[in-house]
Amino acid sequence: MGVGSQACELCANDGGFVLWRSRWCRVVRVDDPHYPGFCRVIWNDHVREMSDLPPEFRSKLMRVVITVETVVRRLFNPDKINLASFGNVVPHLHWHIIPRWQDDRHFPEPIWGSVRREGLTQRPAVSDAVLAQAVSEALAEIE
């Protein structure tokens, strides 16, 4: 679907490694070595804002977001989780679930802020398969 004169990136592509998919939304893992466990929950249809969804779908989407947050906390043991929904660059409804550690590159800034320290601290190593299995099990009753 077009947005202005450009095609929508999240309509044309999955947006990351697909961990789980329903008919309404998908959960993807973002490939970022500094933030393992960084996931996105992406609404499948082209929708710009949460308020564009009927209330029952808003609730369903937020259940998925919170469930993914719970899985990421369990598997990656971060100091904090950041939830974000911007859509300024890609105006297609999606939520970021970002595990944060006090010694990560940007803390306490958002990950899109200035780098405060260099280096790549070792984080829990969780494969795509293990993360996908955990997300799928946690979301088994949502459809």
| request: For helix 55-76, report the angle its Cα long axis makes with the longest principal axis of the Cα atoms of the chain; keep it between 0 and 90° and round to the nearest 10°. | output: 20
| Per the chain, cysteines lacking a partner by the 4.7 Å Cβ criterion | Cys25, Cys39
| message | I'd like the GluC sites (Glu not before Pro) in the stretch 55-129 restricted to DSSP loop residues with at most 16 other Cβ atoms within 10 Å, sorted by number. | response | Glu118
| message | Below 8 Å, C-alpha to C-alpha, sequence gap of six or more: please give me the relative contact order for the chain in percent. | response | 26
| Based on the alpha carbon coordinates of the chain, what radius of gyration and maximum Cα-Cα distance (Dmax) apply, in Å? | 15.2, 44
| message | Can you tell me which of Trp101, Trp43, Trp24 moves the most in a GNM of the chain? Springs connect C-alpha atoms under 10 Å apart. | response | Trp24
| message | Based only on other Cβ atoms within 10 Å, what is the fewest-to-most ordering of Phe57, Phe17? | response | Phe17, Phe57
| So how much slack lies between Phe17 and Glu137, counting 0.36 nm per residue of separation and subtracting their Cα-Cα distance, in nm? | 41.5 nm
| field | Given the chain, longest segment not containing exposed loop trypsin sites (Lys or Arg not before Pro) (DSSP; at most 12 other Cβ within 10 Å) | value | 24-115
| query | What does the charge add up to near Arg100, with Lys and Arg as +1, Asp and Glu as -1, over the other residues with Cβ less than 13 Å from its Cβ? | reply | -1
| request: Express in nm, to one decimal, how much length is gained between Ser51 and Arg73 on full extension, taking 0.36 nm for each residue of separation and deducting their alpha carbon distance. | output: 5.2 nm
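Taken together, the values in this text are just the output of simple stated rules run on the coordinates, not laboratory data. Owing to the predicted nature of the structure, the values given are computational and were not obtained by experimental measurement. Neighbour counts run over all protein chains shown; Cβ positions are idealised from the backbone, glycine included.
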